[in-house]
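Before any comments, here is the structure.
What follows is calculated from the coordinates using simple rules that are stated; it is not laboratory data. A quick note: this is a predicted structure, and the numbers were derived from the prediction, not measured. Note: ideal-geometry Cβ built from the backbone for every residue, glycine included; neighbour counts use all protein chains shown.
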Amino acid sequence: MKLMTKWFLVVAGTALLAACGPSPDRINLNQEHDARSYAVGAASLREAQQLIEMIGEESPDLGREEKHELLHVGFVDVLNRKPRMEEQMISLELMVRGLQDAPAMADLPAIKEVTIDDDETSSQLYMLGAYMGLQVLMVDNLLQDYEKGISGRIASIGFLEALANESRMSAEEINTQWEIIRDILTTPAPGVDEVMSENHAAGLAYLEENAKREGVMITDSGLQYEVLQEGDPEGVSPKATDIVVVHYEGWLVSGEIFDSSVERNQTASFQLNRVIPGWTEGIQLMQVGAKYRFVIPHELAYADTQRGPMIAPYSVLIFEVELVDVVSTEAN
């Protein structure tokens, strides 16, 4: 497989940078921001190393540099939120993680001008890189609440150099940065206490009032649901490991809609155990064709974390969900 890189862009870009300023690879690991950014990018590989090795064994004809390039392309595309493969799936992953409308990462790396072959191995490597990029976006989104967001460019360099076993940071140094990040994220963000308190009170009040409504049922976990439309009595109910196809709208207790597949006029598909606990539990109560209204306590949603610009900590979420289809992962 050949990656057809537009080398003239690279050459022109290099010449321009040489004429106008410092190298795009500039990093000062003695600075807190740069070290944190580099460590996040490098650490994103840890959980994926085994998969990368497995794909490498299955595709011996694909060169090491080509494999790394495909992984890096997927990683960079997702940091920019501009996937070139599996756009719907990645968009859904961004939505589920509250990243679709979140503030952009600072100092983004340039999107790579390459053509990717349409084969299974290329797709696997690209998507693996994309999922590692999603993890980095999540960390950046959380750190932005503390005005300590990371550099996408430096995270990208950390990712690529760790991939080539040429990391500028040792495992111990990376672990130290993660300890610092954990300390940051366990400290209340500026002004968040007041928002959390107000949101918590509003959510509890809504749950209390909604529980009094006729037709509302409450599970042992505290999930509230209402049957708006019955499904086929002999229809399929999903298991947590199944992929479901749904139409849905989601809004806050204020009435503001934060997401809607109905407005996009496109159903969404995802594995049921990869979403918030309230969805995982609630949709298993449905049969294909049913439409339910769920009121999800914050403990079964995003708990005490911010998700995107609209979902604040302690948010109670309301969804109307229609179960369109169920795809068994056992059969696929």
Amide H contacts under 5 Å for Leu317, restricted to residues at least 5 apart in sequence or on another chain and with H modeled in the peptide plane, are Ile296
Cα centroid of segment 121-164 to Cα centroid of segment 59-115, whole Å = 9 Å
Binned Cα-Cα distance frequencies in segment 192-327 - 5 Å width, integer % | 2, 10, 20, 24, 21, 13, 7, 2, 1, 0
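Over 23 Å between Cα atoms: which of Lys212/Lys239; Lys82/Lys112; Lys67/Lys112 fall into that group?
Long pairs (Cα-Cα over 23 Å): Lys212/Lys239.
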Want the number for Val262 to Ala106: 0.36 nm per residue separation, take away the alpha-carbon distance, what's left?
-> 53.0 nm
Can you tell me which of 72-79, 257-264 comes out highest on packing, and rank the rest after it, using the mean Cβ neighbours within 10 Å?
-> 72-79, 257-264
Which whole-Hz couplings ³J(HN,Hα) result when phi for each residue of segment 240-251 is put into the Karplus expression 6.51 cos²θ - 1.76 cosθ + 1.60, θ = phi - 60°, listed in order with x for Gly and Pro?
-> 4, 8, 7, 8, 10, 10, 9, 10, 7, 9, x, 9
How high is the FRET efficiency between Arg84 and Val227 when r is their beta carbon distance and R₀ equals 35 Å, given to the nearest 0.05?
-> 0.30
May I ask you to evaluate 6.51 cos²θ - 1.76 cosθ + 1.60, the Karplus curve with θ = phi - 60°, for each residue of segment 226-237 and list the ³J(HN,Hα) values in order in whole Hz, giving x for glycine and proline?
-> 9, 7, 8, 8, 6, x, 5, x, 9, x, 7, 9
Between Asp259 and residues 5 or more places away or on another chain, the pairs with built amide H atoms under 5 Å apart involve Gly250
Which whole-number percent gives the relative contact order of segment 192-327, counting Cα pairs below 8 Å spaced six or more residues apart?
-> 33 percent
Stretch Asn165-Ser328 to full length: gain in nm at 0.36 nm per residue minus the Cα-Cα span?
-> 54.8 nm
Dipole size in debye (nearest 20) for segment 204-304 around its Cα centre, Lys and Arg Cβ +1, Asp and Glu Cβ -1?
-> 180 debye
